[in-house]
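Here is the structure we will look at.
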Amino acid sequence: MDNTYIIAIDQSTSATKALLFNRQCQLLARADKEHRQYYPQTGWVEHDAEEIYANTVDVIRELSVKCLELRDFSSEAKSLNSQLSTLNLSLAITNQRETVVVWNRHTGKPISRAVVWQDTRGNDICQQLKREGHGPMVMERAGLLIDPNFSASAVKWLLDNIPGARQQAENGDLLLGTIDTWLVWRLTGGSVHATDTTNASRTMLFNIHTMQWDDELLKLFGIPRQMLPEVNACDDFFGETTVEGLFQQPIKIAGVLGDSHGALVGQMCFGEGMGKVTYGTGSSVMVNIGQNPLKAPEGLVTSVAFSAFGKHFYGFEGNIYSTGATLKWLAEQLKMVAHPREMEADAVSVRDTGGVYIVPAFSGLGAPWWHSDVKGAVFGLTFATTRAHFLRAALESIAYQVKDLIDVMTSFSQLTSISADGGPTKNRFLMQFQADLLQTPVICTEVEDASALGAAIMNGFARRVWKSFDEVAPLRKVTQVFQPQPDNHADLYAGWRHAVEQLVK
């Protein structure tokens, strides 16, 4: 019996998951652990990097036990790590992008909590740089708009505002990295400081043409080069780990990429024009544009989609800050439902929203609007508005934001297919409304966690489990295709655009 297994760590904005895949890309088991969200000031969003690492170790341990149970091992006279040594296990990582950690290379301790991608404390820095006219240079080199969503302004803020941090950085005592880098560094006992091309391309410090850290961008943000990790391809080996002694013999870490890029790979979007929508805390719409880093149309960015088999593939992307987070807010903050999965029944209990529009700009508006200082708003409330209208409007806001991005993309490049992944894809109302709004079929696949599957695929490429895109692509399993209905949603969408324009004008 084949004992090749891949543990994919999916370190997301809200939780850390470990998912076990076999060489047929089948999900066999999973373990999850949420981490705390910190909101110390308006616009600030933080995570405890130490908590995230501890949770990572915990879910790997839990999943390893499940793996042994699947193999029907006897525990007689055998320790856990001796049993695990009989398995051909390796580790892959996909992660929330842009969230950045700065830590002391000697003590291993972060100088602050991790600054999350939703955090807007770098907004003043970004606005100043835009006023000074640096936008075109950053777009040309990094493929990105100047925005606090990306890591560079957060790092600059930390170095400028934490006493002694800048001097320590100049002395070579501090390291920085996105969450993948932090996990690799900790898992390897501080021996490997590395990231991959996709995460690097989201920092605003990486040149997507030279595929190197860019001196002009580093100078612009005042970040010493010695803080930065080595940049590897997604299908490289990133070191070895015992996971704090869980394994008697170290296992390999191979296959690292950002979560949205992982979803593109997990959806097998290897061909030019293939796109995907990830419905998570926020949402990413990304389309594979091939091996030429074209300039993105206004409102979008160009990133490294993935690097594999010695080639770099690029993507147009737009990021929506609040989609699943909106549903979580309704459940946890406003207590409108016990869980977001209960929202579908309410949404279909009414014919429409009764004219209600929710613009969920909790952390500003991302692509294609890019207004980080805008706050969320609700339009169209009347005495006739019910809870069901409000919940339906929240779900519709997700589909409207995706359409905003798709419309920009299709005005510039061909989109041959749209695949969907993430927890909200289980909401049939949302998926059908999305297909109707786009007038394009929405393809849902068997694996909800496409980001983790993408990391597992890159791990398999590194270990030569699969030797080409064509070899792994047939393993994709489509569960449902939502065909667009001929309903005309033009008036509904016009109402959404009018609501947004009230905030950004």
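The values are calculated or read from the model by the stated rules, or taken from the named source; none is laboratory data. It should be emphasised that the depicted structure is a prediction, and the values quoted were computed from it without experimental measurement. Ideal geometry is used to build each Cβ from the backbone, glycine not excepted, and the neighbour counts take in all protein chains shown. Side chains are part of the model used for accessible areas, which takes the heavy atoms of the whole protein and leaves out ligands, DNA and RNA. Shrake-Rupley method; radii C 1.70, N 1.55, O 1.52, S 1.80 Å.
Summary table
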| item | result |
| --- | --- |
| Where a residue in region 221-232 is more than 13 Å from Lys156 (Cα to Cα) and its partner, wherever it lies, is assigned to a loop (DSSP other than H, G, I, E, B), with Cβ under 7 Å and at least six apart | Gln226/Gly172; Pro229/His193; Glu230/His193 |
| Residues within region 264-281 that are aliphatic (A, V, I, L, M) and not in a strand (DSSP E or B), tallied | 3 |
| Any hit, region 475-488, residues being touching a residue at least 60 places away in the same chain (Cβ under 8 Å), in contact with a Lys or Arg (Cβ under 8 Å, 6 or more places away or on another chain) and not polar (S, T, N, Q) | no |
| Any hit, region 464-480, residues being more than 30 Å from Leu89 (Cβ to Cβ), assigned to a loop (DSSP other than H, G, I, E, B), of a type in the set (A, V, I, L, M, F, W, C) and open to solvent by less than 60 Å² (accessible area, probe 1.4 Å) | no |
| Ala152 vs. criteria crowded, with 21+ Cβ neighbours inside 10 Å and either over 18 Å from the mean Cα position of the chain (by Cα) or closer than 18 Å to Val100 by Cβ (or both) | yes |
| Contacts under 6 angstrom Cβ, first residue in region 200-218 being closer than 16 Å to Ala233 by Cβ, partner hydroxyl-bearing (Ser, Thr, Tyr), 6 or more apart | Ser201/Ser303; Ile208/Ser201 |
| Every pair of residues 6+ apart whose Cβ atoms lie under 6 Å, when the first sits in region 289-310 and is without any contact (Cβ under 8 Å) to a residue 60 or more places away in the chain and under 17 Å from Met139 (Cα atoms) while the second is charged (D, E, K, R) and open to solvent by 10 Å² or more (accessible area, probe 1.4 Å) | none |
| Residue count for region 334-379, restricted to those that are free of Cβ contacts under 8 Å to residues at least 40 places away in the same chain, small (Gly, Ala, Ser) and under 21 Å from Leu437 (Cα atoms) | 3 |
| Condition check for Arg141: modelled with pLDDT of 95 or more, under 18 Å from Asn104 (Cα atoms) and open to solvent by 30 Å² or more (accessible area, probe 1.4 Å) | no |
| Every residue from region 336-348 that is open to solvent by less than 80 Å² (accessible area, probe 1.4 Å) and in a loop (DSSP other than H, G, I, E, B) | Met336, Val337, His339 |
| Enumeration of residues in region 300-331 that are of a type in the set (Lys, Arg) and closer than 29 Å to Arg463 by Cα | Lys311 |
| Neighbours by Cβ (under 8 Å, 6+ apart or cross-chain): first from region 3-22, surrounded by fewer than 24 Cβ atoms within 10 Å (Cβ to Cβ); second part of a strand (DSSP E or B) and of a type in the set (Asp, Glu) | Ser14/Glu34; Ala15/Asp32; Ala15/Glu34; Lys17/Asp10; Lys17/Asp32 |
| Meets criteria (small (Gly, Ala, Ser) and in contact with an Asp or Glu (Cβ under 9 Å, 6 or more places away or on another chain)) for Gly266 | yes |
| Residue count, region 297-320 (criterion: open to solvent by less than 10 Å² (accessible area, probe 1.4 Å) and assigned to a loop (DSSP other than H, G, I, E, B)) | 2 |
| Checklist (1) within 20 Å of Thr188 (Cβ to Cβ); (2) surrounded by fewer than 18 Cβ atoms within 10 Å (Cβ to Cβ); (3) of a type in the set (Ser, Thr, Tyr); (4) at pLDDT 90 or above applied to Ser85, failing item | (4) |
| Single residue of region 400-421 satisfying the filter (polar (S, T, N, Q) and in a helix (DSSP H, G or I)) that is least open to solvent (accessible area, probe 1.4 Å) | Gln401 |
| Only one of Ile162, Ile179 that is at pLDDT 95 or above and open to solvent by 30 Å² or more (accessible area, probe 1.4 Å) | Ile162 |
